[in-house]
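Structure, as structure tokens:
The values are calculated or read from the model by the stated rules, or taken from the named source; none is laboratory data. This is a predicted model, so every value here is computed, not measured. With ideal geometry, Cβ positions are generated from the backbone for all residues, glycine too; neighbour counts draw on all protein chains shown. These accessible areas exclude ligands, DNA and RNA; they are computed on the full protein's heavy atoms, side chains included. Shrake-Rupley method; radii C 1.70, N 1.55, O 1.52, S 1.80 Å.
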Amino acid sequence: MANANIIQEKQQAVEVITAKLRESSSTVVADYRGLNVAQVTELRKQLREAGVEFQVLKNSLVRRATEAAELTDLNEILVGPTAIAFSGDDAIAPAKILNDFAKKNDALKLKGGVVEGKVVSQDQIKALAELPSREGLLSMLLSVLQAPVRNFALAVKAVGEQKEAQA
């Protein structure tokens, strides 16, 4: 009876992980070996503030979830201690936070992940981390959209000032 309960709990865990893999806009897999408790706590705090869920999971359960989610290419990086960051909204946030943290703490190693349903390598995760944040991209877009209006307003103002000077 106890074995049946354990099997059922593991099946439920696999279903939860599968759902997270499917629903997350990005998932980053990292090796956290060598981080002390204070460092892991600080990392979790930064991720939580960004709305990213960070969990240490058993590789065997994650492998079963990747099969169910049809992301079996991820299995080759599921070696050794594995921590996974799931982000539902912002695809860049987990990559950016983990990459920045890894730069300051050599013990944290990015392994790879899943972005928009596609398995990506460690290098692709790092490239994603170098992109500006969502707010930064929106700011850039806004300035591009405002430029023609601003230029038109300056031209109208210059014409008005020129006509005043002639009068």
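Distance between the modelled labels on R44 and D100, one decimal in nanometres: 2.0 nm (7 Å Cα→Cβ projection).
Legend: distances between Cα atoms for K103/K126; K10/K96; K58/K126; K20/K104; K10/K111; pairs beyond 20 Å are K10/K96; K58/K126; K20/K104; K10/K111. Taking every protein chain into account, the 1.4 Å probe leaves F54 with about 20 Å² of accessible area, to the nearest ten.
Taking 7 Å steps out from each Cα toward its Cβ at E15 and S121 produces label points 3.7 nm apart. Of the GluC sites (Glu not before Pro) found in the stretch 68-167, those that fall in a DSSP loop while having at most 16 other beta-carbon atoms within 10 Å are E70, E116. Note on exposure: L98, L61, L141 ranked by accessible area (1.4 Å probe, complete protein assembly) read L141, L61, L98, with the most exposed listed first. Label point of E67 set 7 angstrom out along Cα-Cβ; within the stretch 8-36, amide nitrogens under 19 Å from it belong to 8-22. Each pair of Cα atoms in the chain enters the Kirkwood radius, and Stokes-Einstein at 4 °C and 1.567 mPa s then converts it into a translational diffusion coefficient of 71 µm²/s. Ellipticity at 222 nm from helices only: DSSP H runs of n ≥ 4 in the chain, each -39500 (n - 2.57), divided by the residue count, give -20000 deg cm²/dmol.
Sort out for me the Cα centre separation of the stretch 149-163 from the stretch 70-130, rounded to whole Å. Distance between centres, Cα-based: 49 Å.
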